[in-house]
Amino acid sequence: MLSDEQKRYQANMELYHSKRPVISNSIKAFVIGGGICALGQFISNFYMTFFPLSQKEAMSPTLATLILLAALLTGFGVYDKISQFAGAGSLVPVTGFSNAMTSSALEHKSEGLVFGIGANMFKLTGAVIAFGVLSAYAVGLTRLLVQMLIR
């Protein structure tokens, strides 16, 4: 239960909070995130059309191309503008990961290659890698145990 003073304080504070445009932010995120995914599909189709690659084989060069494009756009300052506009829509896993690594590397480049870029490049993304590997291990182990129980 809130006291009358706390209720008045909360009512007063609501006057100073700006309303978030949730609908427009969601539309922006959907359009930009979908555009990044559509670009990835276009690149994948390009590799399958002009190179003798199956859909599965085309995924690796497609991901490498998206990573390279995101790193270049981050280096030129374009990806940050896209991120400010699109919000979470620009966090499509591969390009967002590349952006995080490249941004961190650029931020610490003045400290040198080893102690600057090399040591700090994974500060933002290290946790993602660690939890990704851990969750992949847990899912793989769970699948193995389920398959063993089914047999």
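Does Ala70 satisfy the criteria of being assigned to a helix (DSSP H, G or I), open to solvent by less than 40 Å² (accessible area, probe 1.4 Å) and closer than 21 Å to Leu106 by Cα?
For Ala70, the condition - assigned to a helix (DSSP H, G or I), open to solvent by less than 40 Å² (accessible area, probe 1.4 Å) and closer than 21 Å to Leu106 by Cα - is met.
Return the total of residues in the stretch 11-23 being within 30 Å of Ala86 (Cβ to Cβ) and at pLDDT 85 or above.
4
Search the stretch 19-37 for residues being part of a loop (DSSP other than H, G, I, E, B) and open to solvent by 100 Å² or more (accessible area, probe 1.4 Å), and hand back the single one that is farthest from Ala64 (Cα to Cα).
Lys19
Only one of (1) at pLDDT 90 or above; (2) assigned to a helix (DSSP H, G or I); (3) open to solvent by 90 Å² or more (accessible area, probe 1.4 Å) is not met by Arg8, so which one is it?
Failed condition: (1).
List pairs: first residue in the stretch 115-144 and under 28 Å from Thr74 (Cα atoms) and open to solvent by 70 Å² or more (accessible area, probe 1.4 Å), second residue modelled with pLDDT of 80 or more and not hydroxyl-bearing (Ser, Thr, Tyr) anywhere in the structure, Cβ distance under 6 angstrom, at least six positions apart or on different chains.
Leu124/Ala100
Considering only residues that are open to solvent by 30 Å² or more (accessible area, probe 1.4 Å) and among the β-branched types (Val, Ile, Thr), look in the stretch 74-101 and name the one that is nearest to the chain's Cα centre (by Cα).
Out of the qualifying residues, it is Val92.
Does the stretch 47-59 contain at least one residue that is assigned to a helix (DSSP H, G or I), in contact with a helix residue (DSSP H, G or I) (Cβ under 8 Å, 6 or more places away or on another chain), touching a residue at least 60 places away in the same chain (Cβ under 8 Å) and of a type outside the set (Asp, Glu)?
no
When you look at Ser104, is it in contact with a Lys or Arg (Cβ under 9 Å, 6 or more places away or on another chain) and either in a helix (DSSP H, G or I) or touching a residue at least 12 places away in the same chain (Cβ under 8 Å) (or both), yes or no?
Against the criterion (in contact with a Lys or Arg (Cβ under 9 Å, 6 or more places away or on another chain) and either in a helix (DSSP H, G or I) or touching a residue at least 12 places away in the same chain (Cβ under 8 Å) (or both)), Ser104 qualifies.
Any residue in the stretch 74-81 that is under 23 Å from Ile36 (Cβ atoms) and aliphatic (A, V, I, L, M)?
Within the stretch 74-81, one or more residues are under 23 Å from Ile36 (Cβ atoms) and aliphatic (A, V, I, L, M).
The values are calculated or read from the model by the stated rules, or taken from the named source; none is laboratory data. If you're wondering where the values come from, they're calculated on a predicted model, not measured in any experiment. Every residue, glycine among them, receives a Cβ derived from its backbone with ideal geometry; neighbour counts consider all protein chains shown. Please note that ligands, DNA and RNA were not included when accessible areas were found on the heavy atoms of the full protein model with its side chains. Shrake-Rupley method; radii C 1.70, N 1.55, O 1.52, S 1.80 Å.
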